[in-house]
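Note sheet for the following structure.
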Amino acid sequence: MQGYTQRSVSDKLFDTFVYVFMVIVAIVTLYPFLNVLAISFNDSIDTVRGGLTIYPREFTLKNYETIFGFDGLLVGFRNSVIRTVVGTLIGVISASMMAYTLSRPDFQARRWMSFVFALTMYFTGGLIPGFLLMKNLGLIGTFSVYIIPAILSVWNVFIVRSYIDGLPYALQESAKIDGANDWTIFWKIILPLCQPVLATIALFIAVGHWNAWLDTYLFNNRNPGNTTLQYELMKILLSTQTGSNYRDPNAQQAIAAVSPESIKMAITIVVTVPILLVYPFLQKYFVKGMTLGAVKS
């Protein structure tokens, strides 16, 4: 009886330690984001004093009003959403199809192609040859420059292929015996079982497209219709830091009323919130895919 009581006390102490540890981890994880959120909603002059924690001392929307008052931001937001959705769908489909091909034991050239693909991860042509290639392909100044060069990621292909290699090959053989072709096997068997890894690379691809701005600067800086949200926010941040505005001289007074630090934090919130809103939907597919994997096992 004493041993049972002692064991129960130990369990309670362990549970208490776990709860305290998780609370500390939650605070450490959430505090930086809450601090950024507080600064973004705080008055710029008051922010210079410092000492802000997780709530604004002088609440204001001026920082966000300054950001959304710039021309081109809505166009950039629309293009970034379209780019992220289209680029993610194409990237996931292309990576999964190529991974399925390389995972097939009856594909004779799979080792040679895997070697060639791996070389592209370590050796690239560089910035200038890449720009010349985009120019020769006629992609400069077009929306396609965001999609076509990013159709296939070798890293994502290898991740999905490793996951497919862990699936029982007997599933494909059984489907072939039942009369299924490779296309049916891919869509009806491989893709449903690969939902966890596909959701993972979908998140990687979506974040990459959403945060990209350098390709806009290189290939579409003279075409306002194809601008992206990140590029527009980068120009707003430069405007607040240099005290100049690249579009509307009447915005000088609005820029002078805010500090670069406040604008930086507001920009961080603007680009982060959409990803935070999308992640719960991907999390659902994580759970669903793991459930299918458990049933398979």
Mind checking which of GLY91, GLY179, GLY141 has the largest fluctuation in a GNM of the chain, springs on alpha carbons under 10 Å? GLY179
Ignoring ligands, DNA and RNA, what percent of the 1.4 Å accessible area of the chain is carbon and sulfur? 68
Work out how much length TYR279 to TRP112 would gain on full extension: take 0.36 nm times their residue separation and subtract the Cα-Cα distance, in nm to one decimal. 56.5 nm
When volume of the Cα convex hull per residue in Å³ is calculated directly from the model, which label among (i) 129; (ii) 207; (iii) 234 fits? (ii)
Enclosed volume per residue, in Å³, of the convex hull spanned by Cα atoms of the range 1-60: 76
Burial-style ranking of 37-43, 26-32, 191-197, average other-beta-carbon count within 10 Å with highest first, yields 37-43, 191-197, 26-32
Longest DSSP-loop-exposure-free segment, trypsin sites (Lys or Arg not before Pro), the chain, at most 15 other Cβ within 10 Å: 58-221
Given an 8 Å cut-off on Cα distances and at least 6 residues of separation, report the relative contact order of the range 1-60 as a percent. 27
Just give me a number: lysine pairs in the chain, eight or more positions apart or cross-chain, with C-alpha atoms less than 15 Å apart. 5
With a cut-off of 14 Å, note down the residues of the range 184-227 whose backbone N falls inside the zone around a label point 7 Å from the Cα of THR142 toward its beta carbon. 220
Between TYR122 and LEU34, what length comes free when the chain is fully extended (0.36 nm per residue of separation minus the Cα-Cα distance, one decimal in nm)? 27.8 nm
Express the C-alpha Rg of the range 55-191 as a ratio against the empirical globular expectation 2.2 N^0.38 Å, rounded to two decimals. 1.52
Grab the Cα-Cα distance for ASN181 and ILE93, subtract it from 0.36 nm times how many residues apart they are, and report the gain in nm with one decimal. 29.9 nm
In whole angstrom, the spacing between the Cα centers of the range 37-67 and the range 172-194 equals 55
What does the convex hull of the Cα atoms come to per residue for the range 116-244, in Å³? 163
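The values are calculated or read from the model by the stated rules, or taken from the named source; none is laboratory data. Computed from a predicted model, the values in this text were never measured in an experiment. So basically every Cβ, Gly included, is an ideal-geometry build from the backbone, and we count neighbours across all protein chains shown. To get the accessible areas, we keep the full protein, side chains included, count just its heavy atoms, and leave off ligands, DNA and RNA. Shrake-Rupley method; radii C 1.70, N 1.55, O 1.52, S 1.80 Å.
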